[in-house]
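Remarks on the structure that follows.
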Amino acid sequence: MKAIAVIPGKPNSAHLVETPRPTLHAGTVLVKVIRVGVDGTDREINEGLYGAAPAGADFLVLGHESFGRVVEVGPGVKKVRPGDYVVATVRRPDDCINCRAGEYDMCIAGNYTERGIKGRHGYLSEFYVEAPTYLVNVPPTLKEVGVLLEPLSIVEKGIMQAYKIQERLVWKPQRALVLGAGTVGLMATIVLRLRGLEVFTMARTPKPNRHADLVEATGARYLSSREQPVLGLDETYGRFDIIFEATGYSPLAFEAMEVFGNNGVLILSSVTGGDRHVEIPADKLNLEMVLGNKVVVGTVNANRRYFERGVVDMQRAEERWPGLLGRFITHRVQGLENYEEMIRLLNHEKSAIKIVVELGAGAQETTAKR
Ligand SMILES: [Zn+2]
């Protein structure tokens, strides 16, 4: 079968490979891939910044945002059936205490693997085989947007954990600030709106633009950082109970600390691999954190629970704003053969929100073998 792979560590090495179709064993599931979303992680792996091939392989199949349909299940599999639509989680556990408890997104040992990223092939291939515990069922009504579940799961984790942490007090959050209006920022806007908050979502480009339209379709307010910086936002709109940082620009994490309210939570989700230094008002920030009982929490990856919550919120979002999630998919690459187009869009298409690779014309209508 065909797959899109890179040679980890070698810049711009994305290429098409012919690799054996994975074999089904007892307790595993064969999935035909329908479409795969790509993001900055795939771009950075192709740049050679990180990424690791599976043991014994000299290439890594890319792709961690999957959507597919079960073709066949091995003996003993009961949780999923042929014909089911599924999304696979990304991380696979090591044997630390959190991983053993199924909380592999909270791994402390760091010896986990990740499909399409670290030590395991990803989903940009015609088929994959996986254990059912890592497959999350998606109802057919969500089949056009199910590919967005992996990025949504990241947001669900950050927000669910913030609410969990806030069980430390009586907390009725009203106002949220989302920094960034890429896929993660937009997803955070949706999830916070579904929770009934007044949401302000900030990105660089002034209105009008596609991102602003999507933000405002949820009833949130779009702000441009070119027109109004983060510092001072609290004076205009009041302090924020939740801030979700998803810009990829680390200095904003510290600016956000100056505008969140007493008892507030600041969720940091940007993976920033650089070496940027900034000067910060350390005494002021420290004092406000202390006197305001504030929490800053980092979040990465997501386990099955957050994918399942994502399915629920996707359904609620589709009911409340029909068709909105579908508008996140702005660019479609037809077929694995067009991997060069995928890389070009990832590297250069600034207007893109979600780029997906479609695996074959009419793939979504493939009749499953029963
Ligand atoms: Zn672990």
Give the calculated FRET efficiency between Lys172 and Ile108 to the nearest 0.05, with a Förster radius of 25 Å applied to their Cβ-Cβ distance. 0.15
Selected from Gly180, Val86, Leu214, residue furthest toward positive end of dipole (the chain; charges at beta carbon): Val86
So what's the angle, to the nearest 10 degrees on a 0 to 90 scale, between helix 282-291 and the longest Cα principal axis of the chain? 90
Neighbourhood net charge (15 Å Cβ-Cβ; Lys/Arg +1, Asp/Glu -1) for Asn347: -4
Förster-model FRET efficiency, 25 Å R0, Ala57 and Val295, C-beta, rounded to 0.05: 0.05
Each label sits 7 Å from Cα toward the beta-carbon; between Gln315 and Asn262 the label points are separated, in nm, by 4.0
If each Cα of the chain is one equal point scatterer, what is log10 of I(q)/I(0) from the Debye formula at q = 0.11 Å⁻¹? -0.77
Full-extension gain in nm, Glu308 to His15, via 0.36 nm per residue minus C-alpha separation: 102.2 nm
So what's the angle, to the nearest 10 degrees on a 0 to 90 scale, between helix 183-194 and the longest Cα principal axis of the chain? 70
Distribution of pairwise C-alpha distances over segment 170-292, 10 Å bins, in %: 14, 46, 33, 7
Which parts of segment 38-76 would a label at Thr133 reach, counting a residue when its backbone N lies under 18 Å from a point 7 Å out along Cα-to-Cβ? 74-76
Among 267-275, 244-252, 109-117, 181-189, how do they line up by average Cβ neighbours within 10 Å per residue, starting with the highest? 181-189, 244-252, 109-117, 267-275
Just subtract the alpha-carbon distance of Gln334 and Glu349 from 0.36 nm times their residue separation and send over the number in nm, one decimal. 3.8 nm
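Values quoted throughout were computed directly from the atomic coordinates according to the rules given, and no laboratory measurement underlies them. Since we're looking at a predicted model, the values are computed, not measured. Because the Cβ atoms are built from the backbone with ideal geometry, glycine has one as well, and the counts that use them run over all protein chains shown.
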